[in-house]
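The values are calculated or read from the model by the stated rules, or taken from the named source; none is laboratory data. The shown structure was predicted, so the numbers you read here are calculated from the model rather than taken from an experiment. Here the Cβ is made from the backbone with ideal geometry for all residues, glycine too, and neighbour counts use every protein chain on show. Quick note on the areas: whole protein, heavy atoms, side chains included, nothing else; ligands and nucleic acids left out. Shrake-Rupley method; radii C 1.70, N 1.55, O 1.52, S 1.80 Å.
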Amino acid sequence: MSRLFSPAQLANLTLQNHLVMAPMTRCRATGNTPNALMTEYYRQRASAGLIITEGVSPSPNGLGYPRMPGIYSAEQIAGWQTITQAAHAGGAKVFMQLMHAGRVGHPLNLPPGARLIAPSAIAAAGDIYTDAAGMKQNGAPAAMTQADLDATRNEFAQAARNAVAAGCDGVELHAANGYLLEQFIRPNANQRTDAYGGPIENRARFVLEVVDAAIAAIGKNKVGIRLSPYGIFNDMPLYDAMAADYAWLAQQLDARGLVYIHLVDHSTMGAPAVPDSIKQTFRSTFKGALILSGGYDAARAEQDLAAGKCDLVAVGRPFISNPDLPKRWQTGAPLNAVDMNTFYTPGAAGYTDY
């Protein structure tokens, strides 16, 4: 019997299948506010067991990309309410991914009064798109002061409350792919000399404080986290102690009783392979649910679930071009090809017209 298409338990939630729609930046939130077009996009994909939303900023400072949605204003909460209602009507549960871009961004992408902030005043290598002036080099961030740390931690906690108020079943803290939380973990981006820099116990301190704050705000059964050990996206080079650091982090997260850890493996997109040993470390150390992602098809998803390597399987790009992906996989129907040219463009083309 297929595990993939049978119901799954995630703490006290029953999911309609073991398939997760992975979080994917789509840049359709004009004015940083969710809209009717986004509601239709999520409604179309509500046959997933769990939808993890695109990255949603907890504050104006976190809006690294153009047209990235937020969850810090009443208008944004109302917009997300419409989306969660549409997704729930189709049977999906919804976790909002809380993503602060940190040093990945440019002043042209920030609203008035917002600042580019990061663990240290070190710009990320590479360029970022701006609506105002096309491609620009990532901006130079300010190193976060203690006041910035306190404010940002509180923003994550408030964002978690706002997500639940908007009808979400929980939140995923984005500590992967080179964004703010991972910037603290990685030694190239975090060169602080205070209690938040140096050994892993210090570099992971802010991440764990944000985890604790989110749990205090909405409860541990509603908080997951996304990690990308061996990910190099957004100027996050590999370093010698990485396996040991992430093994230590797995223990710390297990002690806090989070509902899930979501591991990113972008090796199918050219990133270094994530060693099976790291995935096994998380599997054996962390008692909550483990979500694996990275280039899955139905057969491999079924295989890894049956082997007990994970509890849920997250899929990204196939969900973009196949809104009814669970049905297509289950029936062996052919899949639509994905149009990468419309991943981040405004409008319905390549978004709701598959």
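Okay, here's what the table says:
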| quantity | calculated |
| --- | --- |
| Criterion violated by Val274 - all others in (1) modelled with pLDDT of 95 or more; (2) assigned to a loop (DSSP other than H, G, I, E, B); (3) buried (at least 19 other Cβ atoms within 10 Å of the Cβ); (4) not small (Gly, Ala, Ser) satisfied | (1) |
| Of residues in region 253-265 being touching a residue at least 24 places away in the same chain (Cβ under 8 Å) and open to solvent by 20 Å² or more (accessible area, probe 1.4 Å), the one farthest from Ala8 (Cα to Cα) | Arg256 |
| Identity of the residue in region 310-337, part of a loop (DSSP other than H, G, I, E, B) and under 18 Å from Val20 (Cα atoms), that ends up most open to solvent (accessible area, probe 1.4 Å) | Leu335 |
| Selection from region 291-309 of residues that are polar (S, T, N, Q) and surrounded by 16 or more Cβ atoms within 10 Å (Cβ to Cβ) | Ser293 |
| Ala255 vs. criteria closer than 30 Å to Val164 by Cβ, in a helix (DSSP H, G or I), at pLDDT 95 or above and touching a Phe, Trp or Tyr at 6+ places or on another chain (Cβ under 6 Å) | no |
| Any hit, region 2-11, residues being assigned to a loop (DSSP other than H, G, I, E, B), surrounded by fewer than 20 Cβ atoms within 10 Å (Cβ to Cβ), among the basic types (Lys, Arg) and at negative phi | yes |
| Any pair with Cβ under 8 angstrom, 6 or more apart, that starts in region 209-227 at a residue that is open to solvent by 50 Å² or more (accessible area, probe 1.4 Å) and ends at one that is assigned to a helix (DSSP H, G or I) | Asp212/Arg256; Ala216/Ala157; Lys220/Arg256; Lys222/Ala160; Lys222/Val164 |
| Which listed residue, of Thr268, Thr342, Thr285, is of a type in the set (Val, Ile, Thr), free of Cβ contacts under 8 Å to residues at least 40 places away in the same chain and either in contact with a Ser or Thr (Cβ under 6 Å, 6 or more places away or on another chain) or more than 19 Å from Thr25 (Cα to Cα) (or both) | Thr285 |
